[in-house]
Each structure stands twice: as structure tokens, then as C-alpha cells.
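What follows is one structure encoded as C-alpha cells, with my remarks underneath.
We did not get these values from a lab; they are worked out from the coordinates using the rules stated. The model shown is predicted, which means the values in this text are computed figures rather than measured ones. For neighbour counting, all protein chains shown are included, and Cβ atoms are generated from backbone atoms with ideal geometry for every residue, glycine included.
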Amino acid sequence: MLRINDLSWSLSTGEQILKNVSLDIPDGKLTVVTGPNGGGKTSLAKLIAGLEAPSGGSIFLDDEDITGWDITERAKAGIGYAFQHPIRFKGLTVRDLLELAAQKQLEDREICEILGKVGLCANEYLDRTIDASLSGGEAKRIEIASVLAKKDAKVLVFDEPEAGIDLWSFSSLIDAFEKLKETENKSLLIISHQERILGISDYIAVIADGEVTKFGTRDEILGSLLGEEKAARCPLGKDKEDN
């Protein structure tokens, strides 16, 4: 289990982005963190991955305090992270990336299975270089595949996995998340606004203005979220605040 206790984080300017956030991300369950833009969702994901250091609070993985660990130490301990905006690696092929993530050599059939989960054909991408020749959507899917390749991962964190994904590939991704939840005892944490991802969650946390404003099971939270979204729109489809 991943446990977050009173986590806070501020910018170098002093602006506080997260304010005493506490969450439990249970094993074998899918937790979706959602909320308005600028509320602190991506900041929370980066703190979990070790990309940023908190200004207060603590993070525990299986009751071990990992607050002071860097991204490499956390990756070795079993935390996988998919960036919202994938990093490109000149000279590194898709095979290289997936084998680095899996920490072993992979057979072609294994790579085909992993890439198939994000709607990519191994024959077309196996030896592709992860550089500017890839579209944004392709780079995003390969990034997600690299996280799925971490077989020994305990916690998988996905920051807006739907961004840049076409509808067909997105459906494959939803299937992959559902299978992960059903077959592997991993903590799944997804940052998302997407209704279909919210719909397959076990738990939903809403973060706004740096604080957890709601947390509960999907059945407890989703209905009220969808109701709020509908209430925020006028009959012409414009946001009320834009009128």
C-alpha cells in the first residue's frame, strides 16, 4: 500500500501548491485523482515518483518511509511513473526502453503483448527510435507501455494517460487498466478527468486548491461529480463562468 500523510509542497516563490494531503492508495485497487486544472494533481504524482521533494509530510510504501528517496530509489522499490508529457531519448529504441523498464531482455512476443495493450504493433515500433519522428500520441503510448513493462512494480502512477491517445487506443488502454486491476495486486493511481477512467475506478479522490475535498468509493463520488459538471454548463454548452 502507498500511504500519503499530510503532504505539502510549495514553489520556490513560496506559493503553496499542496496543503496537508493525506491519501491511502490500496493494493489491487484503482484510485483516480481528479479535480480542476491547477489544483495540484500532477504535483502530487511527481512527489510520489520522487521528481519533487515535499516541503512537509511523508510518503510510505508498504509501511517504509520513502519520503527522502530519489526517483531511482523509488523505481527500484517498485514505483512506476508515466509522465504527462513523455521524454524523448535520442538513440534509444522502443525495445531498449521496454527492456530497461522490465530490467531484463524481452522476447518479441512479450514486447508485442505490452505494446498491444496501448494499441501499437510491435513489428512497426520494435526498432523505432524514441525521438522527434514519433508523434505526440505515439510517444505517449510508448511511455505508458514502459510503465506496464515493470512486472515487479508495486505502484503504477499514470498522469493523464488519455492525453494524445486516439479513441481506439484509448479503449485498449481501458482494457489494460481493468486487467491489471483484476490480475495483479498493484496499487494503480491515475490522474484523469476522463469519465471512462473514473467509471472503472475503485476509489476517487478530488483535489482542488491543493487539498483533498472529496474521497470515497466510485459509487460514493462519481454521481456527485457528474452532477456538478452538468450543473456548471448552460443549455448552449458554455461554462457558466464564461457567460
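List of remarks:
- Under Karplus coefficients 6.51, -1.76 and 1.60, residue-wise ³J(HN,Hα) of segment 34-40 in Hz, glycine/proline x: 9, x, x, 4, x, x, x
- Ordering of 201-207, 190-196 by burial proxy (mean other Cβ atoms within 10 Å per residue, highest first): 201-207, 190-196
- Contact order relative to length of segment 1-74, as percent, for alpha carbon pairs under 8 angstrom and 6 or more apart: 37
- Take every Cα pair under 8 Å whose residues are at least 6 apart in sequence, average their separation, divide by the length of segment 2-242, and the relative contact order is 27 percent.
- Residue pairs, from the table K29/K150; K19/K186; K46/K179; K41/K179; K29/K151; K117/K179, whose Cα atoms sit over 21 Å apart: K19/K186; K46/K179; K41/K179
- Charge dipole of segment 57-153 about the Cα centre (unit charges at C-beta), most positive-ward option of L100, T129, G57: T129
- Note that the chain, at 20 °C in a medium of 1.002 mPa s, gets a Stokes-Einstein diffusion coefficient of 115 µm²/s from its Kirkwood radius over C-alpha pairs.
- Dipole magnitude of segment 2-242 about its Cα centre (Cβ charges: Lys, Arg +1; Asp, Glu -1), debye to nearest 20: 240
- Charge context of S58, other residues only, Cβ under 12 angstrom, K/R +1, D/E -1: -3
- A dipole drawn for the chain from +1 and -1 charges on Cβ atoms has a positive end, and of A75, V118, N5 the residue lying farthest that way is V118.
- Here the residues S171, S10, ranked from fewest to most Cβ neighbours within 10 Å of their Cβ, fall in the order S171, S10.
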